[in-house]
Structures are given as structure tokens and as C-alpha cells.
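The values are calculated or read from the model by the stated rules, or taken from the named source; none is laboratory data. Not measured: the values here are computed from a predicted model. Neighbour counts are summed over all protein chains in view; Cβ atoms, including those assigned to glycine, are modelled from backbone coordinates with ideal geometry.
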Amino acid sequence: MVIGLCTVELYLPNGHSLKAKRQVLSSLKTRLRGTFNISIAEVGDQDLWQKAVLGIVCVANDTSRVQQVLDRTLNAIQSNPSLQLLRSQIELL
């Protein structure tokens with residue numbers, strides 16, 4: 001069993017309130033869960049309007065599958081026009 005953990009730091013340029021930030025993140029998390037069958041949660045900077053830190057986890061039988069799912073997830077995040085990917089880090093356990 002291989003566990004992949006990805007930490008993602010995001011910038012939301014149109015985040016003018018926590019409510020607006022939550023709407024963008026909720027939509028993103030729901031779409032990513034449904035598409036890639038991952039676990040995802042906001043794990044940092046919850047009180048900032050324009051910044052978010054997400055934790056993403058994928059479990060599979062082999063390393064290449066975990067890496068593929070996390071890479072595709074990062075590509076989907078980067079293609080979202082309402083946010084910018086500032087930093088990402090992938091760890092395989």
C-alpha cells in the first residue's frame with residue numbers, strides 16, 4: 001500500500017471575504033473528490049481571505065498510480081481560473 005500526501009498552497013485573488021473563499025474552495029474540493037477519488041481538506045490559513053492550504057491524500061497499490069493521481073489533481077487545480085497555485089509538495093509514504 002502506498003499513501004501519497006500533497007500539500008498545496010493557493011492564492012485566491014478574488015477572495016474579498018471568508019464566505020467567497022469558502023465557496024470557491026468548496027466547489028473545488030467537491031469536483032476534485034468526484035473526479036480523482038481523493039481525500040481533501042483545508043488544513044491551514046483558514047482565517048485569511050486570499051490564501052488557503054489544502055491537504056490531499058491518495059491511497060493505491062503502487063507508487064506510479066499515486067503519483068499519477070496527484071499529478072492530475074495538481075493539473076486540475078492549476079487550470080482553475082479563480083485561483084493560483086503558489087506551492088505544492090508531494091510525499092509518498
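Couple of notes before you dig in:
- Filtering the range 1-58 to residues that are aliphatic (A, V, I, L, M), within 21 Å of Ser79 (Cβ to Cβ), part of a loop (DSSP other than H, G, I, E, B) and in contact (Cβ under 8 Å) with a residue 60 or more places away in the chain leaves only Leu12.
- When residues of the range 38-64 are limited to those that are of a type in the set (Asp, Glu) and at pLDDT below 95, the one surrounded by the most Cβ atoms within 10 Å (Cβ to Cβ): Asp45
- Residue selected from the range 66-93 under the condition among the β-branched types (Val, Ile, Thr) and in contact with a helix residue (DSSP H, G or I) (Cβ under 8 Å, 6 or more places away or on another chain), by the criterion farthest from Arg33 (Cα to Cα): Ile90
- The listed residue being surrounded by 14 or more Cβ atoms within 10 Å (Cβ to Cβ) and outside any strand (DSSP E or B), out of Ile77, Ile90: Ile77
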